[in-house]
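The values are calculated or read from the model by the stated rules, or taken from the named source; none is laboratory data. Note that the coordinates shown come from a computational prediction; the quantities given were computed from them, not determined experimentally. For neighbour counting, all protein chains shown are included, and Cβ atoms are generated from backbone atoms with ideal geometry for every residue, glycine included. The area values use the complete protein model at the heavy-atom level, side chains included, leaving out ligands, DNA and RNA. Shrake-Rupley method; radii C 1.70, N 1.55, O 1.52, S 1.80 Å.
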Amino acid sequence: MNRNRMNLRKLLVGAALTVGLGTAGNLPAFEMGAEATIDYRQGVMRAIGGNVASTAAIVIDGADFGDNLLMHVRYLVDATKDIPSLFPEGSDFGETDALPSVWEEPEKFAERSSANHEAALALLEAVEQGDDAVIRGAFRDLGQSCRSCHEDFRHRD
Ligand code: HEC
């Protein structure tokens, strides 16, 4: 990491701490860290969910935004690369819907994550090739692989 990026990092960490102290009152530091981690990963999951919803509107319902399809699918490929890294030790309590199984069965969790990433890559390939039926099939497989992780690792709504 070069010097400028180090300084920027310090600045951002300083700003985050200031904001955190302002809003989180007297929570212990580790709890603030866990809350920020949980907020961050839920934000990523919602972004994944939003990109899936937009993709569905295009490939299933025929919304006239085909030019944006690659953008949505590229996000899905990037964001699913390492889902377990969003679930570090100590981020298992508080306002989270993650089940304890995330930390109790890390290998299974990692497998579900890589299957999901593979499904996103397959969808990207299908979009690049441009066959609508193949795209729809790959999209359904991706949705199925999201659900198969949620079934075992996330509280039901
Ligand atoms: C490897 C497991 C795994 C995969 C794969 C996965 N998720 Fe999740 N997802 C979770 C867990 C665990 C949570 C709960 C996180 C929390 O509350 O801290 C979650 C939460 C969510 C949420 C709720 C976020 C919020 O507002 O709290 C949405 C939406 C979501 N996932 C969508 C998706 C979609 C769409 C996919 C597939 C493209 C996907 N997820 C793939 C494990 C996974």
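Some values worked out for this structure:
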item	result
Unmet criterion (only one of (1) without any contact (Cβ under 8 Å) to a residue 60 or more places away in the chain; (2) more than 9 Å from the ligand (Cβ to nearest atom)) for Ala119	(2)
Sole residue being of a type outside the set (Ser, Thr, Tyr), under 27 Å from Gly33 (Cβ atoms) and more than 18 Å from the chain's Cα centre (by Cα), chosen from Gly94, Gly130	Gly94
Condition broken by Leu142, with the remaining ones in (1) near the ligand (Cβ under 7 Å from one of its atoms); (2) within 23 Å of Arg74 (Cβ to Cβ); (3) surrounded by fewer than 20 Cβ atoms within 10 Å (Cβ to Cβ) satisfied	(3)
Test: residue in the stretch 10-20 that is surrounded by 11 or more Cβ atoms within 10 Å (Cβ to Cβ), modelled with pLDDT of 65 or more and over 23 Å from Ala120 (Cα atoms)	no
Residue under evaluation Arg147, criteria (1) open to solvent by 60 Å² or more (accessible area, probe 1.4 Å); (2) farther than 28 Å from Ile38 by Cβ; (3) within 12 Å of the ligand (Cβ to nearest atom), criterion not met	(2)
Among the residues listed as Val73, Val102, the single one being part of a helix (DSSP H, G or I), within 7 Å of the ligand (Cβ to nearest atom) and touching a residue at least 12 places away in the same chain (Cβ under 8 Å)	Val102
Meets criteria (open to solvent by 30 Å² or more (accessible area, probe 1.4 Å), in contact with a helix residue (DSSP H, G or I) (Cβ under 6 Å, 6 or more places away or on another chain), closer than 18 Å to Ala34 by Cβ and not charged (D, E, K, R)) for Leu86	no
Residue within the stretch 64-76 that is open to solvent by 40 Å² or more (accessible area, probe 1.4 Å) and under 19 Å from Arg147 (Cα atoms) present	yes
